[in-house]
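Beneath this line is the structure, given in structure tokens, with notes to follow.
Computed from the coordinates by the stated procedures, all read-outs in this text should not be read as laboratory data. This structure is a prediction, so every number in the text was calculated from the model and none was measured. Methodologically, a virtual Cβ is constructed for each residue, glycine included, from the backbone with ideal geometry; neighbour enumeration extends over all protein chains shown.
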Amino acid sequence: MTRITNEIYLPGLRQPAPMPDGLDAPFWEGTLKSEIRVQKCLSCETHQWGPEWMCHSCNSMDIEWVVLESACRIYSWQRPHHPVHSALKDRGPYIIVVVEFPQADGLRMVGNLLGDSMQDVVIGSQVTPVFEQHLEATPPYALLQWEVA
Amino acid sequence: MSDTYNLRGKVAIAGVGETTYYKHGQSPDPEFKLVLKAILAACRDAGISPKEIDGFCSYSDDRNDPPRLANALGIPELRYSNMQWTSGGGGAAAAVQNAAGAIMSGSARVVVAYRGLAQGQFGRFGRSGGSKPVSGQAAYLLPFGMMSAAQMYAMRTTRLLHDHNIDRSTMRSIALTCYHHAQNNPRAIMRGRTLDDETYDASRWITEPFRLYDCCLENDGAAAMIVVSTDYAKELRDSPVLLLGAQQSGGHRSGAWAENPTDYVTSSFKPAAKYLYEQAGVKPEDVDVVQSYENFTGGVVMSLIEHGLCTYENANEILTFENLRADGGSLPLNTSGGNLAECYMHGLGLQIEAVRQIRGDSSNQVKNAQVALANAGPMVAVASTAIYGSEEALG
């Protein structure tokens, strides 16, 4: 199901860094271990993404990080053609997807849909995670990408 | 109208002013000077001295701060200033709303709502550079090549088309209408550049589902509106344009990071519309002309639906070029050319065009327009929307 790759889908873009206040450090630690970690409220069990210091449902501050099962599907998508960053100048079209996790209160994440950049994209398609590792970066990190199951 | 609201007709737009509008990066003046010019123009239009201004309202983190403006203008008393927080130009109507609040509370007497942009001086929205690491929400988007405004709002539009069987022709009709109206508008950047079906259909993708002509311009310039009490406005001109209602609008977690707003396929106007119409004491069918902020055409479709001006079911039939044009259409839209073809002044130009329609001096005047709606910033976390009207509309 889960795949790890060293192939970079969009080379040269700005790399992610954990927030200076530490809020999302568990997420970025998780992607390096090929885990999808999100917040879950210890009081009301609501999942949330992006992370926050408080549960948006019950306002509890007792929140844990849990590992999500990978089952998720395409919620929306777009195919950028116009290069808005110099690193994309010769890249050509690529695909960005929003995926949703129905088993985790429908939370959504954004990533690229790997494979043919001109493939037909179908809302509702099942996708599986691909952890795109940037181990040579300082510090190393991994991006959570997707491919059609 | 509910007793909850007491804004209706209490304040008026005494004057409006704009600089020349320029293509991005082409203003001969720095941004601050542009704002000063727009404020002076609005004061001239209102027939007041700039020294009468005692309040400033803006939005979108405008760089031209009230203390410096007050110093430059030599204003004797700066009694009120206000910044509305949201992304994009979602605060254009909110700046007018905040100005109205200041007037009604007696916090200030003459408030200017303003916005200035000079992209040669400060850089463009639609281009993203840099190599430094990003954190927070940006870290969940930028490494995946999702960084421009078009990319931020394409996802919702994909979902709009999918969920509600909205035809892409609605988006084309909106673009064609804006370009059509710009041809009569001497201020419009795209005057002299017509747009037809074939040109739209052949235009390049910015990001599917947005073609080039679905996207707003980027421009240099400044715009300003003078907001005063209706009593004072009547001393200044015979038939002032009244503010009937104004509302900011963000839904449940509408600002949630990385595409997690609870209600996803929305212009963000669902919470506002009911308050707006109740405040204004009018119904959607009373609206004679609409200025609907086009960051991207898909957002306009959502805005019109959420303002009750059409429905998901009939949008494909209603949103046609024939219906949207000022000369004879049933739902005249963006009569200045709007953000697509007049100028992208972060939406303040659309508020001003609504005022012009009520005055009767638009370059695409809708006959006997008494009620004009102007909204700002669809799909941003907090949008805003206003209704202007004549004294006749007060009833």
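The table that follows gives values for the structure above.
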read-out: The one condition in (1) hydrophobic (A, V, I, L, M, F, W, C); (2) more than 26 Å from residue B:16 (Cα to Cα); (3) surrounded by 20 or more Cβ atoms within 10 Å (Cβ to Cβ) that residue B:321 fails to fulfil; value: (3)
read-out: Every residue from the stretch A:1-14 that is out of contact with any strand residue (DSSP E or B) (no Cβ under 6 Å at 6 or more places or on another chain) and within 14 Å of chain B (Cβ to nearest Cβ); value: A:8, A:10, A:11, A:12, A:13
read-out: In the stretch B:278-308, residue surrounded by the most Cβ atoms within 10 Å (Cβ to Cβ) [restricted to those that are free of Cβ contacts under 8 Å to residues at least 60 places away in the same chain and in a loop (DSSP other than H, G, I, E, B)]; value: B:308
read-out: Scan of the stretch A:1-41 for residues that are under 18 Å from residue A:63 (Cα atoms) and not in a loop (DSSP other than H, G, I, E, B), ordered by number; value: A:25, A:26, A:27, A:28, A:29, A:30, A:37, A:38, A:39, A:40, A:41
read-out: Neighbours by Cβ (under 6 Å, 6+ apart or cross-chain): first from the stretch B:49-67, touching a residue at least 24 places away in the same chain (Cβ under 8 Å); second buried (at least 17 other Cβ atoms within 10 Å of the Cβ) and among the hydroxyl-bearing types (Ser, Thr, Tyr); value: B:55/B:80; B:56/B:81; B:58/B:114
read-out: The stretch A:2-36: number of residues that are touching a Pro at 6+ places or on another chain (Cβ under 8 Å), over 15 Å from residue A:140 (Cα atoms) and touching a residue at least 40 places away in the same chain (Cβ under 8 Å); value: 4
read-out: Hits in the stretch B:337-353 - residues which are in contact with a Leu (Cβ under 7 Å, 6 or more places away or on another chain) and either part of a loop (DSSP other than H, G, I, E, B) or of a type in the set (A, V, I, L, M) (or both); value: B:340, B:343, B:344, B:345, B:346
read-out: Residues being charged (D, E, K, R) and under 13 Å from the mean Cα position of the chain (by Cα) - total across the stretch A:15-28; value: 1
read-out: Failed item in (1) under 20 Å from residue B:23 (Cα atoms); (2) touching an Asp or Glu at 6+ places or on another chain (Cβ under 7 Å); (3) not aromatic (Phe, Trp, Tyr), with residue B:294 passing the rest; value: (2)
read-out: Pairs where the first residue, in the stretch B:126-152, is more than 7 Å from chain A (Cβ to nearest Cβ) and the second is outside any loop (DSSP other than H, G, I, E, B) and among the hydroxyl-bearing types (Ser, Thr, Tyr), C-beta under 7 Å, 6+ apart; value: B:150/B:207
read-out: Any hit, the stretch A:102-113, residues being buried (at least 21 other Cβ atoms within 10 Å of the Cβ) and either part of a loop (DSSP other than H, G, I, E, B) or in contact with a Ser or Thr (Cβ under 6 Å, 6 or more places away or on another chain) (or both); value: no
read-out: Candidate set from the stretch A:42-54 (those that are within 20 Å of the chain's Cα centre (by Cα) and assigned to a loop (DSSP other than H, G, I, E, B)); member that is nearest to the other protein chains (Cβ to nearest Cβ); value: A:50
read-out: Checklist (1) surrounded by fewer than 24 Cβ atoms within 10 Å (Cβ to Cβ); (2) touching a residue at least 60 places away in the same chain (Cβ under 8 Å); (3) out of contact with any helix residue (DSSP H, G or I) (no Cβ under 9 Å at 6 or more places or on another chain) applied to residue B:363, failing item; value: (3)
read-out: Flag if residue A:39 is surrounded by 12 or more Cβ atoms within 10 Å (Cβ to Cβ), within 12 Å of chain B (Cβ to nearest Cβ) and free of Cβ contacts under 8 Å to residues at least 40 places away in the same chain; value: yes
read-out: First in the stretch A:80-96 and closer than 18 Å to residue B:215 by Cβ, second anywhere and of a type in the set (Ser, Thr, Tyr) and surrounded by fewer than 18 Cβ atoms within 10 Å (Cβ to Cβ), Cβ under 7 Å, 6 or more apart; value: A:93/A:117
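Residue-by-condition table, conditions (1) in contact with a helix residue (DSSP H, G or I) (Cβ under 6 Å, 6 or more places away or on another chain); (2) in a loop (DSSP other than H, G, I, E, B); (3) of a type in the set (S, T, N, Q); (4) on the phi > 0 side of the Ramachandran plot:
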residue	(1), (2), (3), (4)
B:198	no, no, no, no
B:201	no, no, no, no
B:207	yes, no, yes, no
B:227	yes, no, no, no
B:233	no, no, no, no
B:262	no, yes, yes, no
B:276	no, no, no, no
